[in-house]
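Here is the structure we will look at, set down as structure tokens.
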Amino acid sequence: NAGVTQTPKFQVLKTGQSMTLQCAQDMNHNSMYWYRQDPGMGLRLIYYSASEGTTDKGEVPNGYNVSRLNKREFSLRLESAAPSQTSVYFCASSPRGEKLFFGSGTQLSVL
Amino acid sequence: ILNVEQSPQSLHVQEGDSTNFTCSFPSSNFYALHWYRWETAKSPEALFVMTLNGDEKKKGRISATLNTKEGYSYLYIKGSQPEDSATYLCAFTEGGSNYKLTFGKGTLLTVNP
């Protein structure tokens, strides 16, 4: 089993460009999450999905959109990237209410 | 926004020392409290998930306790080793939140040989 797979691992964008971060899990988990990690800020929740067909905003949703395409996949889209979105992004999944399994992260730089 | 606080922010100890950190969270509408270990250049890994007041969990030299009535959890490491050096994160799930996990900022532990 691959667990939680995120792509890409690294990305550099120019201000105003758009991109989608992909996340897939093969553990049949119901819940999926997108977090961003910034120095001194810990992990901040962007969006999450308790189950297929539902999504909810987290602490820092502005500038992002998500799609829970099916039970396996949960993508994060930046429509018009800004330098403030430079960060490391982590996708995670869990059976409902249980421990999170994290992907390996995407390092994004917006110039 | 839920307030999940961790203290201290960082900690340096000598190999063999025992240490502990604190996580405080809202004492109302509790669902679960998680602890994760996050090593540099890796992804966070779960240590414990606790759901009941008075819960105590243990994994090797690491243990955790939970007090939901007063809104705090302690993580203990007995006989710290250099490989315990990592950031330790706690995360709180509020009841009725669709399993939304809110993380604290973490405690960075450095164990000197």
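The values are calculated or read from the model by the stated rules, or taken from the named source; none is laboratory data. On a predicted model such as this, the values are computed, not experimentally measured, just so you know. FYI the Cβ positions are ideal-geometry reconstructions off the backbone, even for glycines, and counts take in every protein chain you see. The area values use the complete protein model at the heavy-atom level, side chains included, leaving out ligands, DNA and RNA. Shrake-Rupley method; radii C 1.70, N 1.55, O 1.52, S 1.80 Å.
Brief remarks on what is shown
- The set of residues in the range B:1-38 being within 21 Å of B:Pro82 (Cα to Cα) and within 12 Å of chain A (Cβ to nearest Cβ) consists of B:Gln9, B:Ser10, B:Trp35, B:Tyr36, B:Arg37, B:Trp38.
- Count - residues of the range B:82-106 that are over 24 Å from A:Thr55 (Cα atoms) and aliphatic (A, V, I, L, M): 2
- Matching option when the condition is more than 9 Å from chain A (Cβ to nearest Cβ), farther than 19 Å from B:Gln14 by Cβ and touching a residue at least 12 places away in the same chain (Cβ under 8 Å), among B:Lys69, B:Lys58, B:Lys78, B:Lys105: B:Lys69
- The set of residues in the range A:15-41 that are polar (S, T, N, Q) and part of a strand (DSSP E or B) comprises A:Thr20, A:Gln22, A:Gln25, A:Ser31, A:Gln37.
- On the stretch given as the range B:39-89, residues that are open to solvent by 30 Å² or more (accessible area, probe 1.4 Å) and not polar (S, T, N, Q) total 22.
- Within the range A:1-26, being of a type in the set (A, V, I, L, M, F, W, C) and loosely packed, with under 14 Cβ neighbours inside 10 Å holds for A:Ala2, A:Phe10, A:Val12.
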